[in-house]
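Throughout, read-outs are computed from the coordinates displayed, never taken from laboratory work. If you're wondering where the values come from, they're calculated on a predicted model, not measured in any experiment.
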Amino acid sequence: MKPTELLKVAAIALLTSGLIVGCQQTSTTDDMDTAMEDECEGATPEVRNAIYAAKLKNARARNLGAEWEEAAKIIEEAEAAAENCEHVRAKILANKAEDMAADAIAALGDTGDEPMTVAEDDSPYLGGYLVVAGDNLWNISGQQTIYGDPFMWPLIYKANSGQIKDADLIFPGQYFYIPKAQGAERAAAINHAKTRGAWSIGVTEASDLEYLAQ
């Protein structure tokens, strides 16, 4: 083989080797990027449970009129940390918020585990409800511990209209007051639920506005 031919073969071999190495490096880089993306998938079950427990305790404090504003802020920080996969920090913050809410409840002489003794006529509410994933006003109202009748959902909507922009769209973590069902109000709620008409997600229906104005 002539020297010039040998040089050509060597050059081709070197170029091919470089391409292979380049492809391997690119593949390795892509794999590393994918692995890094897979490492962070949001809150772990343990952290989610800690945040939920903090929200539940803080909701109890809010229902008693003893909520500390700082506790709600710390819960938000915990959720942000969980989203960034700062699991240890998120759990510490969630536990701190839960402890603060417990202290606020204890300051009222209530453990938060049992409802406070209140005369039945002293409060217009049956209690409170913390929204979880999959909830809607219809199924909340239908629960036996609430009204046991899904058609009474407008009562919850009206009592919490300040934080419900669309009756068809509620979010986990929201805390609703559950009003007692009075005769005329109960009848009006059921009538609205049955005659409301067409609805769509993300829109406040005109019929809902009319009901709220009653």
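A few notes on this one:
- Centroid-to-centroid, using Cα positions, the stretch 45-64 and the stretch 183-206 are 31 Å apart.
- Kirkwood-Stokes translational diffusion coefficient of the stretch 45-106, alpha-carbon pairs, 20 °C, 1.002 mPa s, µm²/s: 195 µm²/s
- Surface/4 of the Cα convex hull for the stretch 160-214, nm²: 4.2 nm²
- Value in Å of the Kirkwood radius, where the stretch 120-213 supplies the Cα pairs that are averaged: 13.4 Å
- Violating pairs (Cα-Cα greater than 31 angstrom) within the set LYS57/LYS158; LYS57/LYS165; LYS96/LYS180; LYS96/LYS158; LYS57/LYS194; LYS73/LYS165: LYS96/LYS180; LYS96/LYS158; LYS57/LYS194
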